[in-house]
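Okay, so here's the structure we're looking at.
The values are calculated or read from the model by the stated rules, or taken from the named source; none is laboratory data. Treat the numbers as computed from the prediction; the structure is a model and nothing was measured. Note that we place each Cβ from the backbone using ideal geometry, even for glycine, and neighbour counts take in every protein chain shown.
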């Protein structure tokens, strides 16, 4: 048997098992049961009982390694900074709306073009007999 992966994340283990099953790769897991007993009950720290995946057949080893490598690769998406088209505020890429004026980064195209009031949400209408108070 050939050890190809160890994890403390039960969902990751299940995901890898499903990928290996889909490719009909023979594998065994070790210490999977500890996640439900010791670690979950707080008796054994999770980092002390990682679950391990072993490949049974050597002829499937390289395929399994590639599969696991692709599945567990860290993906990093970095969005470029942008300038608000309405107020000119400089914003970091992870923001989809301006914190200053609530204008969306990517404006929806309407019949009259994009508006900043759309970004702030719907306006409330006063009911019959109601008056608006200035804040």
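Scanning the range 22-36 for residues that are surrounded by 11 or more Cβ atoms within 10 Å (Cβ to Cβ), outside any strand (DSSP E or B), modelled with pLDDT of 75 or more and out of contact with any helix residue (DSSP H, G or I) (no Cβ under 7 Å at 6 or more places or on another chain) gives a single hit, 31. Does the range 86-135 hold any residues that are modelled with pLDDT of 50 or more, part of a loop (DSSP other than H, G, I, E, B) and in contact with a helix residue (DSSP H, G or I) (Cβ under 9 Å, 6 or more places away or on another chain), and which are they? Hits for the range 86-135 are 86, 87, 98, 101, 102, 103, 107, 108, 110.
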